[in-house]
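Working notes for the structure below.
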Amino acid sequence: EDNIAVLMDCTMHIDGEPNITVEAEDGIPTGIPAADVEEGNHSWSINCLDLVDWEGSSETWSYTLDRTPPVIEMTPENNSIVADTTLMTFVVTDNYQLESVLFVFDGEETVMESDFNIDISDWPDGPSEFAVLAEDFVGNQAEQTYRIVIDRSAPEVQLISPEENTTNDVHVDFSFEVQDD
């Protein structure tokens, strides 16, 4: 704000260095995008000049710029074939501050901590899909859809030759067949 000037030339300083200059109208909030500023902890302030070069300076404030979404990791790997005794382990991290984690399975959302385990012992045999959604404090989001195949059946083994209770010489090949779903 200025007592006479309608327009002022204002310079934003990031970490004490001039970053960008904009024209600001008297009494009207002015925004400057942070697109060209590196991610991390910074300080910022504004200096404005009126038409006769009177300079007004703001306080210096600190802020953290976070553009990185959370990272979601699962063990075992995505698309794994697993036994129903497998305990799935998830670790969700963020470079600054994690806000929320949701586990979505069969249409139901469950709020989770940043590290959690899922017991799949009562999930159906065969393929299952589920998702983990995470959001950090400033709204960066990550979503990972996973697929696993639960296998509750042992392979079936059938002996083919030599037939049971036969006498064979040393040149016989043992043959069998194995099937698994």
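Remarks
- Charge tally in the Cβ shell below 9 Å around L65, where Lys, Arg are +1 and Asp, Glu are -1, L65 excluded: -2
- Spin-label model, L159 to D106: label points 7 Å out along the Cα-to-beta-carbon direction sit 4.2 nm apart.
- Values (1) -0.92, -0.98, -1.10; (2) -0.93, -1.04, -1.25; (3) -0.96, -1.09, -1.36 are given for comparison; log10 I(q)/I(0) by the Debye sum over Cα atoms at q = 0.15, 0.16, 0.18 Å⁻¹, derived from the coordinates here, is the one labelled (1).
- Summing charges over neighbours of I160, with a neighbour being any other residue whose Cβ is under 12 Å away from its Cβ, gives -4 when K and R count +1 and D and E count -1.
- Loop sites in region 43-114: chymotrypsin sites (Phe, Trp or Tyr not before Pro), DSSP, at most 13 other Cβ within 10 Å: W54
- Antiparallel bridges, percent of DSSP beta bridges restricted to the chain (to nearest 5): 95
- Projected label distance in nm at I81 and N41, using a 7 Å step from Cα toward the beta-carbon: 5.1
- Cβ-based net charge around D26, under 10 Å, with every Lys or Arg adding one and every Asp or Glu removing one: -4
- Region 1-77: mean projected area of Cα convex hull, nm²: 6.7
- FRET E, pair D26, V91, Förster distance 30 Å, beta-carbon r, rounded to 0.05: 0.05
- D15/T68 FRET efficiency (R0 25 Å; Cβ-Cβ; nearest 0.05): 0.80
FYI, it's all coordinate maths here, none of it is from the lab. Computed from a predicted model, the values in this text were never measured in an experiment. Using ideal geometry, Cβ is built from the backbone for each residue, glycine included, and neighbour counts are taken over all protein chains shown.
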